[in-house]
Amino acid sequence: MKFSIFHQVERYDDSISHRQLQEELTELTLIAERGGFDKVWIGEHHGMEFTVSPNAFISLAYLASVTSTIRLGTGTIIAPFYNPIRLAGEIGQLDVMSNGRVEVGIARGAYNFEYDRQFPNESAFQGETRKADLAWDAGLRMRELVPATQKVLKGNYAHEGTYWQFPTTTAVPRPIQQPYPPMWIAARDPNTHAFAVANNCNVQVTPLSMGDDEVANLMEKFNSACAEHPDKARPEIMILMHAYCAETEEELQEGSRNIGEFFHYFMKWFKNDRPIDMGLIEPVTDEERAANPQYSADVMRKNMLVGTPDEIITRLKNYEALGYDEFSIWVDSHMNFEQKRKSIQLFIDHVLPAFKK
């Protein structure tokens, strides 16, 4: 099993500057590279302090200049906000700049907050029906974007589709990794798993807050998709999960509370029905915490990868036995920098050695 780190670059208030977040992201990435992590993934969201990362390619281009071995992944770009020509060109440019270290993660997106702002006039529907329509449309855009981008990266491709039409075009610059860098699709439902396998893409999954039963369920969906496409080589599958490694139960309880707080805020953003001021959503209240016991510290301690090095190794060995090729640590999770740094270092010192061949 390979290991990677995922940066969401979270900001919950204005007590920490954007510059400090950038410096911390850089330092954590350098620690991960020195420690033997295979990849760093950078997310993408817009107008949300909950994810301070409007362009993963820019962040990764910077990291390419200060690293030398760690691979650089978009985790994930939001498909409906791109067109195939732009995406292929940015992939090629970053692959050249990084000397062939790019991994391309793509998703349909998760937040209606962003759809409402990127596509405010594209649907005549109103209310919840309109939101559902935008989400469905985003998935269809992803299914058109991915194969079209692959063909533009190969070169001399003209496209006549539902969302994009263009004459013969080639990505400039061409990527170092031919015919194109590894592509990953963020998948939850069976149809998306099948789409990824059919289009020669690796798969990224996350159990969110649901624990090991969902970890197994997601692998079953992936295996079914592979079985449906016996003509395709089995792609890789990565699990992205909130994880925290510590040595004392007091530290682990605090880490579990922080992860629970992340999910409280995640659900507020996902529901898209709370006031936003300067990119910050209103704070979580004690009443909201009490109404969502599924995010309590005790539940997070059980469901998320929270534990001592030995506890984490045992669970990761189970994930490896299920068939997962990569584990990605969601390193933000409402943690402060020192918590993140110490957790990653414990992974490096005690967990990663148990998985070295």
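Just so it is clear, none of the values below were taken in a lab; they were calculated from the coordinates. No experiment lies behind these values; they were computed from the predicted model shown. Cβ placement follows ideal geometry from the backbone for every residue including glycine, while neighbour counts extend to all protein chains displayed.
How far apart, in nm, are the 7 Å Cα→Cβ label points at residue 341 and residue 296?
So the two model labels end up 3.4 nm from each other.
Step through the residues of the range 176-183 one at a time and calculate ³J(HN,Hα) from phi using the Karplus curve (6.51 cos²θ - 1.76 cosθ + 1.60, θ = phi - 60°), rounding each to whole Hz and writing x for Gly and Pro.
5, 7, 10, x, 6, x, x, 10
What ³J(HN,Hα) values, in whole Hz, does the Karplus curve 6.51 cos²θ - 1.76 cosθ + 1.60 give for the range 102-115 when θ = phi - 60°, with x put for Gly and Pro?
For the range 102-115, the Karplus-derived couplings read 8, 10, 10, x, 10, 9, 7, x, 10, 10, 4, 3, 6, 4 Hz, x marking Gly and Pro.
If amide H atoms are built 1.01 Å from N in the plane of the peptide, which residues on other chains or at least 5 residues away come under 5 Å of the amide H of residue 111?
none
For residue 86, project a label point 7 Å along Cα to C-beta. Then give me every residue of the range 163-206 with its amide nitrogen under 14 Å of that point.
In the range 163-206, the label zone of residue 86 (backbone N under 14 Å from the point 7 Å along Cα→Cβ) covers 164-165.
Between residue 185 and residues 5 or more places away or on another chain, which pairs have amide H atoms under 5 Å apart, with H built 1.01 Å from N, and which residues are they?
Hits under the 5 Å cutoff: 106, 202, 203, 204.
Whole percent per 10 Å bin, from 0 to the bin with the longest distance: what is P(r) over all C-alpha pairs of the chain?
In whole percents, the pair-distance histogram is 5, 24, 35, 27, 8, 1, 0.
Is the C-alpha gyration tensor of the range 289-353 telling us rounded, prolate or oblate? Criteria: a/c under 1.5 is rounded; beyond that, a/b larger than b/c is prolate, otherwise oblate.
It comes out oblate by the Cα gyration axes.
Using the Cα atoms of the range 35-84 to build a convex hull, what is its mean projected area in square nanometres?
The directionally averaged projection comes out at 4.3 nm².
Amide H of residue 169: which non-local residues (sequence gap of 5 or more, or other chain) have their own amide H closer than 5 Å, using H built in the peptide plane?
156, 157, 158
Enumerate the residues in the range 333-357 having an amide nitrogen under 17 Å from the point lying 7 Å beyond the Cα of residue 289 toward its Cβ.
Taking a point 7 Å out along Cα→Cβ of residue 289, the residues of the range 333-357 whose backbone N falls under 17 Å are 333-336.
Normalised by the residues of the chain, what does the relative contact order come to in percent, with Cα pairs under 8 Å and at least six apart?
This gives 19 percent for the chain.
Suppose R0 equals 30 Å. What FRET efficiency, 1/(1 + (r/R0)^6) with r the Cβ-Cβ distance, do residue 355 and residue 176 give to the nearest 0.05?
The computed FRET efficiency comes out at 0.60.
Rounded to whole Å, give me the distance from the Cα center of the range 290-329 to that of the range 22-78.
Result: 23 Å between the Cα centres.
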